[in-house]
Amino acid sequence: MSFALRWASCLPKLQAGSVSAYRPAAHSFTSPRAFRNSSTMTFPPSQKRPLARRLLKPLSITASTALVGTVLYYNHEPSRHFMCAIERCGRAGLVGVRVAINYKLMLSKTYKDSEEEARAKSNCHTRSANLVLKALQKSGGIYIKLGQHVSAMVYILPPEWTSTMAILQDKCPPTPYQEIEELFQHDMGTSLDDLFSEFDPVPIGVASLAQVHRARLRSTGQEVAVKMQHPFLDEFCKIDMDTVSFILSTIKRVFPEFGFEWLSEEMNESLPQELNFVFEANNANQVRENFKELMEKKKTALIIPKIVWAHRRILCMEFIRGQRIDNLAYMEEHNIDSNRVSIELTRIFSEMIYNHGFVHCDPHPGNVLIRPAKKSRFGTGVNFEIVLLDHGLYRTLDDQLRTDYAHLWTSLIRGNEEDIKKYSLRVGGTSAHRLFASVMTGRSWDTVNTQDLSTERSQTELEKMTEGAFELLIDIAGLLANMPRIVLLLLKTNDLLRSVDEVLRTDLDYHMTYVVMGRYCAKAVWDDIRSTLLHKIHHYGLSLKLAKELISAWYEFESLEIMLWLYQTKSLWTDRIKHFKASTVLPSNHTYQQTL
């Protein structure tokens, strides 16, 4: 079905009573008869009508049309929906055309040198990103969700795009309180005052799909957070998604080398679950169950808010105070080491991915809070807790993908090109293993190949990665277009975690992310191989061949553990020596001050 037909099917039919407002006049101005009559009419000079009288009819028609349109907009729901839908589609389409023209003009020009071309591309990226940002903010909802996806693609899209869209992670327009009251009454069959003794009309957080209000239950006195979906999403979700799909497919036709239709495909798959808060409640309960043993033994810093009750568009949960995980000033105030926060966050998500295969796929800073622990967690040795919010977007990895993904990361840490090639094909379905390795790690292939992922990016590496970045974007777009959707979400999760990690981590602990994650990967690989071999031994009996395979797998696991320990120790001492040398260097004006 064409976009136009899908779009038309979303719009409600006008009721019979409203058709007359749109019925053409009996003598249409464009009809031959009307044209003939108007062209042959003449007035003697003495009989010409005054200007005011000649303008009276068209002005009356215009005023009447405006009046009827206004009345229909505010009093006739199908007409209001029709007009709003036209406006939203038109806004999105116009911006899409303007962005396409921007890039078409920029690419068609000739530049005197590479520097001028780079400046032109950067300006085009910035100009286009700002155009899109304004349109996304104006339309809200699904469009803001699209912008958040773009902002998360830090190592895929140009920084002009991702940095411009980053504002959408926190600053979304709120739904007016009156509409929130109406939604609650409609969905719950009762008022806010009936259920809550307190309800803050000002939301404490506003996201693309919902906003959260602090409240207190009248029945128990418990302080809770009430998540309310933006009401307009029910009205415009379908047509907005069709519009996004149409724009991305149009961009593909204009620029065949840019295959970003997977963005709309992934959103089409994810949104039905994200828009049903019952799914979110189930996900939160599932992840709490997965971490139950670690939580009871205080071996994790993770906290999941308890769900009180859930409906499709309204979710009531335990209220937890905290600050965004990228609030370094708050951590310093409460004597929380940001490096330890980085390590614990890596540990939590490694547990999800490599042990459970049940993964939170939207860990941007607005969805992760930090707070001081009431009691020191002796199992982890930390004085803080990490609160994970917004459980609407999860993915389940089957055992094969989970272990293959672990194999891929161990091969990346080792810099083993043969294994990188093998598991890039198994995980991402791609033979472009070097490009895939760079997308996975955010590092150049040379860095991956030399087993040097724990080092800080040098200026030389940054320059290498930015050279031909626009052309590389085309290759990355092609790579992602053919990748399994679940792997795309893993990449998005990986990018979000890496960007948070870089905010939290100092040079001293730069290596710890890969050490912690590498150990989880190594254990997942060892458990997989051991389970397979023990299963064979159980069925066929112990043979020399199976014994050798088991010993070989154990040796691989232990050698990787030793390598990671050396990796950690070497990097730790290198950083300590660097900091020691830096602390012993006198300020440049020291000698001068001594001579005064």
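Return the total of residues in the stretch 435-450 being touching a Lys or Arg at 6+ places or on another chain (Cβ under 9 Å) and either at pLDDT 90 or above or not aliphatic (A, V, I, L, M) (or both).
Kept after step one, since they are touching a Lys or Arg at 6+ places or on another chain (Cβ under 9 Å), are these residues of the stretch 435-450: 437, 441-449.
Still in the list and also either at pLDDT 90 or above or not aliphatic (A, V, I, L, M) (or both): 437, 441-447, 449.
Counting residues in the stretch 435-450 that are touching a Lys or Arg at 6+ places or on another chain (Cβ under 9 Å) and either at pLDDT 90 or above or not aliphatic (A, V, I, L, M) (or both) gives 9.
State whether the residues of the stretch 404-425 include one that is among the aromatic types (Phe, Trp, Tyr), closer than 27 Å to Gln229 by Cα and either touching a helix residue (DSSP H, G or I) at 6+ places or on another chain (Cβ under 7 Å) or not in a loop (DSSP other than H, G, I, E, B) (or both).
No, there is no match, as no residue in the stretch 404-425 is among the aromatic types (Phe, Trp, Tyr), closer than 27 Å to Gln229 by Cα and either touching a helix residue (DSSP H, G or I) at 6+ places or on another chain (Cβ under 7 Å) or not in a loop (DSSP other than H, G, I, E, B) (or both).
Please work out which residue is surrounded by the fewest Cβ atoms within 10 Å (Cβ to Cβ), limiting yourself to the stretch 188-202 and to residues that are among the aliphatic types (A, V, I, L, M) and free of Cβ contacts under 8 Å to residues at least 60 places away in the same chain. Walk me through how you get there before you give the answer.
Let us first name the residues in the stretch 188-202 that are among the aliphatic types (A, V, I, L, M), namely 188, 192, 195, 202.
If we keep only those that are free of Cβ contacts under 8 Å to residues at least 60 places away in the same chain too, we end up with 192, 195, 202.
Numbers: Leu192: 20, Leu195: 19, Val202: 9.
Within the stretch 188-202, the match that is surrounded by the fewest Cβ atoms within 10 Å (Cβ to Cβ) is Val202.
Are there any pairs with C-beta distances below 8 angstrom linking a residue in the stretch 541-562 that is more than 17 Å from Asn416 (Cα to Cα) to a residue that is surrounded by fewer than 11 Cβ atoms within 10 Å (Cβ to Cβ) and modelled with pLDDT of 75 or more, with the two at least 6 apart or on different chains, and if so which?
Leu546/Tyr540
Can you say whether Asn283 is at pLDDT 95 or above, more than 30 Å from Ile180 (Cα to Cα) and surrounded by 16 or more Cβ atoms within 10 Å (Cβ to Cβ), as far as the supplied structure shows?
So Asn283 does not fit the description; no.
Could you pull out the residue among Phe258, Phe236 that is aromatic (Phe, Trp, Tyr), modelled with pLDDT under 80, assigned to a loop (DSSP other than H, G, I, E, B) and crowded, with 16+ Cβ neighbours inside 10 Å?
The unique qualifying residue is Phe258.
Suppose the filter is crowded, with 20+ Cβ neighbours inside 10 Å and modelled with pLDDT under 85; does Tyr540 pass it?
So Tyr540 does not fit the description; no.
A quick yes/no check of all residues on (1) in contact (Cβ under 8 Å) with a residue 40 or more places away in the chain; (2) over 30 Å from Leu393 (Cβ atoms); (3) exposed (fewer than 15 other Cβ atoms within 10 Å of the Cβ):
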residue	(1), (2), (3)
Leu105	no, yes, yes
Thr110	no, yes, yes
Glu117	no, yes, no
Cys124	no, yes, no
Ser128	no, no, no
Leu136	no, no, no
Gly140	yes, no, no
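Just the residues that are of a type in the set (Lys, Arg) and over 20 Å from Leu488 (Cα atoms), please, taken from the stretch 400-424.
Hit for the stretch 400-424 is Arg414, nothing else.
Exactly one condition in (1) in contact (Cβ under 8 Å) with a residue 60 or more places away in the chain; (2) of a type in the set (A, V, I, L, M); (3) in contact with a strand residue (DSSP E or B) (Cβ under 7 Å, 6 or more places away or on another chain) is not met by Ile180; state its number.
The failed condition is (1).
Of all residues being at pLDDT below 95 and touching a Gly at 6+ places or on another chain (Cβ under 8 Å) in the stretch 399-412, which is farthest from Asp527 (Cα to Cα)? Just the residue, please.
Trp409
Quick one: would you say Arg321 is surrounded by fewer than 16 Cβ atoms within 10 Å (Cβ to Cβ) and of a type outside the set (Asp, Glu)?
Yes: the conditions hold for Arg321.
Considering only helices (runs of 4 or more DSSP H) fully contained in the stretch 287-403, which possess at least 2 residues that are over 30 Å from Glu182 (Cβ atoms) and free of Cβ contacts under 8 Å to residues at least 40 places away in the same chain?
Counting at least 2 such residues, we get 292-296, 328-333.
Test of understanding: among Lys298, Lys292, which residue is surrounded by fewer than 17 Cβ atoms within 10 Å (Cβ to Cβ) and in contact with a Gly (Cβ under 6 Å, 6 or more places away or on another chain)?
That would be Lys298, the only listed residue that is surrounded by fewer than 17 Cβ atoms within 10 Å (Cβ to Cβ) and in contact with a Gly (Cβ under 6 Å, 6 or more places away or on another chain).
The values are calculated or read from the model by the stated rules, or taken from the named source; none is laboratory data. This is a predicted model, so every value here is computed, not measured. Glycine also receives a Cβ, built like all others from the backbone with ideal geometry; neighbour counts cover every protein chain displayed.
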